[in-house]
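Presented below is the structure to which this report refers.
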């Protein structure tokens with residue numbers, strides 16, 4: 001790769017839109033001779049997504065940027081990672097997964113300033129069920145991610161039971177974001193061959209109108225808060241009670257973690273459009289991350305009490 005620019009793919013999307021799942025599929029289907037670097041940005045202190053990547057995919061080299069969005073408070077660490085990847089000199093591609101609360105303007109701007117990198121079209125994943133959620137549609141960051149991307153890929157379409165529902169939701173998206181190019185993701189091969197290697201990228205250095213102003217307080221991670229909780233491995237949770245806690249707090253936008261439940265260890269993914277508990281390997285402790293809108297009052301104490309109420313006696317475990 002002497003004198004060749006490294007292609008860079010940014011895969012963005014709001015919290016829980018399926019970015020990590022998409023990257024796992026891409027890593028597992030990449031050419032065996034390719035050497036990829038993945039930069040993954042998590043808003044919370046615990047890197048749940050990077051743990052999932054390492055356990056579920058031919059992960060290659062994972063670079064973590066935690067504790068803030070790389071488009072805002074953590075952008076210095078992001079640049080350092082890019083410089084390190086370039087210096088190594090053996091990578092054939094860089095995948096960047098910004099935080100689900102991050103815009104893509106500053107991320108793209110940093111990539112474009114590096115002469116060794118080539119920015120390909122920016123892909124934004126959109127949970128198709130989220131198109132019916134007014135709360136989500138009103139969030140400036142959600143809308144910004146869509147508007148700044150080159151291509152939209154709808155996710156979770158396999159969960160739709162009727163073709164008419166899919167068509168209706170796609171038409172609703174087109175009315176909300178007229179002219180935005182969008183695709184239904186029904187298979188790994190389509191996602192890879194049609195979108196991932198395309199050079200059809202309208203994001204150029206001249207397109208400064210797409211950059212985000214750092215002064216726009218609606219588009220920074222300061223409007224959100226991450227709560228981290230840790231529990232001894234012997235602590236057993238009720239899945240239903242946990243979900244009820246999340247639903248009782250409309251300020252909660254996302255919950256994820258490795259949780260020891262009555263049914264065994266599970267990888268928890270809660271979003272505004274639904275929840276999922278997937279079997280996962282046992283861990284030394286349960287880890288739970290909640291991402292909320294930042295309120296005037298601090299809900300942390302009440303949240304902790306309610307999460308503790310979802311604990312059941314260890315002897316009730318099915319294991």
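The values are calculated or read from the model by the stated rules, or taken from the named source; none is laboratory data. This one's a predicted model, so the numbers in the text were calculated from it and none came from an experiment. Every residue, glycine among them, receives a Cβ derived from its backbone with ideal geometry; neighbour counts consider all protein chains shown.
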Inset, instruction - Give region 17-44 a look and list any residue that's closer than 12 Å to residue 99 by Cβ, modelled with pLDDT of 85 or more and in a loop (DSSP other than H, G, I, E, B), or say none. - result: 17
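Could you go through region 239-247 and let me know if any residue there is at pLDDT 90 or above and closer than 26 Å to residue 143 by Cα. Steps first, please.
Step one: filter region 239-247 for residues at pLDDT 90 or above, giving 239-247.
Subset that is closer than 26 Å to residue 143 by Cα: 246-247.
The answer is yes; a qualifying residue exists.
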